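A.B. asks: Before I ask anything, let me first share the structure, which is written out below as structure tokens.
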Amino acid sequence: MSAPHPPRLETSFLNLQKAAEYLGLSPNTLYIWRHRRQGPPSFHMGRRVMYRISALDKWVRDQEVSDSRSNAALNPLAQKPQRRAKSSR
């Protein structure tokens, strides 16, 4: 009989590779977004780029809310047509 494994501590941070896996993206995409100051927030922990899991989850929710395909209030087809301004000729 083998000795039981010690419980694994859950971390609240992911490195770039693990964050990319978590989001279903390539690490290169996260790398590019980081350097363009886009994408989820990240920070340095020593020399490593890290992502807080709660920040990744919030960023995904924010993307869903700001996308007109998942937020009916932003769907341009649901808006009343705007009238054109009359041009002065």
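The values are calculated or read from the model by the stated rules, or taken from the named source; none is laboratory data. These figures come from a predicted structure and were not determined experimentally. Here Cβ is always computed from backbone atoms with ideal geometry, including for glycine, and neighbour counts include all displayed protein chains. SASA here: full protein model, heavy atoms, side chains in, ligands and nucleic acids out. Shrake-Rupley method; radii C 1.70, N 1.55, O 1.52, S 1.80 Å.
A.B. asks: If you check every pair at least six apart or on different chains, which have Cβ atoms under 8 Å apart with a residue in region 62-86 that is loosely packed, with under 10 Cβ neighbours inside 10 Å and polar (S, T, N, Q) first and a residue that is modelled with pLDDT of 65 or more and in a helix (DSSP H, G or I) second?
C.D. replies: The qualifying pairs do not exist here.
A.B. asks: Could you please tell me which pairs satisfy a Cβ distance under 7 Å, a separation of 6+ or placement on different chains, a first residue in region 26-51 that is at negative phi, and a second residue that is of a type in the set (Val, Ile, Thr)?
C.D. replies: Hits for this filter: ARG34/VAL49; SER42/VAL49.
A.B. asks: With the requirement that a residue be open to solvent by less than 70 Å² (accessible area, probe 1.4 Å) and under 16 Å from MET50 (Cβ atoms), what does region 26-39 give you?
C.D. replies: Answer for region 26-39, where residues must be open to solvent by less than 70 Å² (accessible area, probe 1.4 Å) and under 16 Å from MET50 (Cβ atoms): PRO27, LEU30, TRP33, ARG34, GLY39.
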